[in-house]
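Down below is the structure, laid out as C-alpha cells.
None of the figures in this text is laboratory data; all of them are computed from the coordinates on show. Computed from a predicted model, the values in this text were never measured in an experiment. So basically every Cβ, Gly included, is an ideal-geometry build from the backbone, and we count neighbours across all protein chains shown.
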Amino acid sequence: MTIRLAAYLQSDSIVDGEGIRTVIWTQGCPHHCLGCHNPETWDFAGGAEVPISEVKEIIDGLEGQDGLTFSGGEPFMQPKQCAEIAKYAKSLGYNIWSYSGFTFEQLLSLGKTKKEIMDFLNEVDVLVDGKFELSKKSYNCLFRGSTNQRIIDVKKSLKARKAIIDDKYEKVPSKNGRKRQEGVYI
Ligand code: SF4
C-alpha cells in the first residue's frame with residue numbers, strides 16, 4: 001500500500017501540536033479554503049506516492065520526537081493509509097494529532113459509510129478540526145489558524161459521541177508562541 005505525500009516527513013516541529021513532533025504532509029485536499037498556505041497540496045494527483053513500509057522505516061529512525069502529526073492536504077482523504085501509519089507509530093509510543101478540514105461531526109457522519117474514517121479517527125488522540133476561515137484568522141489560537149477551528153480530545157469525544165474540546169489549548173499563547181505560529185495554517 002502507498003500513501004500520497006506532499007513532502008518528506010518533517011521532524012522537530014513545535015507548531016503542529018504539543019511538544020516536538022514529526023509532521024506527515026498528506027497530498028490532496030477537497031476543501032480549498034480561501035487563504036490556505038498550502039494550495040500546492042490540493043491536487044490529488046500531485047506530490048508523490050510513497051510505500052507505507054518506507055514511511056514506517058522513517059518513523060523507526062526518528063529521535064527526540066514526542067508524537068506524529070498528520071497534516072496536509074486532507075489526511076482523512078487517505079484514511080486507510082493514515083490509520084496504518086498512526087497505529088504503527090502508536091505501537092512505538094508516539095501520540096497522534098491530526099488536522100482536518102472536516103469537522104468532528106462531519107467525520108462521524110462520513111464514518112457511518114466509510115469504516116476506514118473511523119479506523120483512523122480511533123487512532124488519533126487530538127484532532128484539530130474545521131476549515132481555515134480567513135475572516136476568523138487569528139495569531140492567538142494555539143496550533144490553529146482561525147478561531148472556528150477546535151482542538152478536540154478524540155477519545156473522550158468518541159465516547160461521548162460529541163466533540164469535547166481540550167481546554168488546556170484554549171489559553172492565549174505567549175508573545176513568542178504567537179511569533180512561532182505566524183503563517184501556520186491548516
Ligand atoms: S487550509 Fe487545510 S483544509 Fe483548507 S484547503 Fe488548505 S490544506 Fe485544505
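Summary of values
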read-out	value
18 Å Cα-Cα reach of K136 towards aspartates and glutamates, excluding residues that sit fewer than 8 places from it in its own chain	E170, E182
Long-range amide H partners of R4 with built H, under 5 Å	Q27, V50
For I151, I20, I52, order by how many other beta-carbon atoms lie within 10 Å, fewest first	I20, I52, I151
Whichever aspartates and glutamates have a C-alpha closer than 15 Å to that of K56, once near sequence neighbours (fewer than 8 apart) are set aside	E84
Trypsin sites (Lys or Arg not before Pro), loop per DSSP, at most 12 other Cβ atoms within 10 Å - longest free stretch of the chain	1-111
FRET E, pair D60, D167, Förster distance 35 Å, beta-carbon r, rounded to 0.05	0.55
Long-range amide H partners of V23 with built H, under 5 Å	Q10, S11, S13, T69
Phi-based couplings in Hz for region 98-108 (Karplus 6.51, -1.76, 1.60; Gly and Pro marked x)	9, 8, 8, x, 7, 7, 4, 5, 5, 5, 4
Cut-off under 5 Å, modelled amide H: who pairs with T103 long-range	G130
Rg(Cα) / (2.2 N^0.38 Å) computed for region 2-179, rounded to two decimals	0.96
